[in-house]
Every structure is written in structure tokens, then in C-alpha cells.
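None of the figures in this text is laboratory data; all of them are computed from the coordinates on show. Predicted, not measured: the structure shown is a model, and the values here were computed from it. Neighbour counts are summed over all protein chains in view; Cβ atoms, including those assigned to glycine, are modelled from backbone coordinates with ideal geometry.
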């Protein structure tokens, strides 16, 4: 089975209820299905690609510090195995990239969710994940 190369895109918004209406109308029209809805986040999926919208704070001029912000939160890329996640972490480390979270199981997302997070040269968060 073919897996979409992008696992998900997370977007922060400070207009959460408006965003729910906006994406709730737009994404189903494009063939996306609602896959989860919480008080502070919701997600739509199509062909293995998920768009997640998070309740966020207004933009600050600092780098990601664990607080949800408005705008791009992170891009998650699918890996075909845990070994590939580990390999990507090594490649990025060898390049001198900042590694936010080393490869490991993210239990709050499931026992089969194995991921790592790093920064691109501009400080944007990139996740590499193998699930399943």
C-alpha cells in the first residue's frame, strides 16, 4: 500500500471557532473527512494526509517553546520504518541541525507512533514519523 509522503501539517490559529467553520466547510468539499475533534484541536484526512488545526496564541518573535502559536506549527513527513526515522535523525545531527526530540515512541499518540523533531535552517519544526 502506498503511503503519502507527508504525514500531516499542523496549523495554529487564534480564531479557533472561526477556523472550525472555515475548514469544516472547505475540506469536506475537497474530499477530506473529519477524523478527530477536541476542545483545542481538530483534524481532517484525505488519502493518508492529515491537516490538524490547533488553538494557538498570537505570534511571538521567539522560536517554538512548546506553546501553540498562530501559523505554521510543523510539517510531519512519513518514513517507511523506525530505522528510517533513526537514519534521518543521524543525517540531520551530522548536518548540525537542532534536534528538538530524539527518535522515540510518542505514547500519547499511540504505541505505534515513532517520531523525531528537528529544526530546518530557519527554525521551522520538521517531524519525521513512522506509524504502524
Compare 40, 86, 14 in a GNM of the chain, Cα atoms joined below 10 Å, and give the one with the largest fluctuation. 40
For segment 79-132, compute Rh as the Kirkwood radius over C-alpha pairs and then the Stokes-Einstein diffusion coefficient at 37 °C and 0.692 mPa s; write the answer in µm²/s, rounded to an integer. 297
For peptides 29-36, 16-23, sequence by mean Cβ density within 10 Å, most packed first: 16-23, 29-36
Give me the number: length gained by fully extending residue 26 to residue 81, i.e. 0.36 nm times residue separation minus the C-alpha to C-alpha distance, one decimal in nm. 16.5 nm
To the nearest 10 degrees, the tilt of helix 16-29 (Cα long axis) against the first principal axis of the alpha carbons of the chain is 90
Principal axis extents for the chain, Cα atoms only, whole Å, descending order, please. 43, 41, 24
Within a Gaussian network of the chain (alpha carbon springs, distance under 10 Å), most fluctuating of 97, 79, 115: 97
Potential extension, residue 3-residue 94 segment - 0.36 nm per residue separation minus Cα distance: 30.0 nm
Net lengthening on full extension, residue 41/residue 11 (0.36 nm per residue, minus Cα-Cα): 9.8 nm
Relative to the chain, whose Cα atoms define the longest principal axis, helix 82-94 and its Cα axis are tilted in degrees, nearest 10, by 70
Using Cα pairs closer than 8 Å and at least 6 residues apart in sequence, work out the relative contact order for the chain, in percent. 24
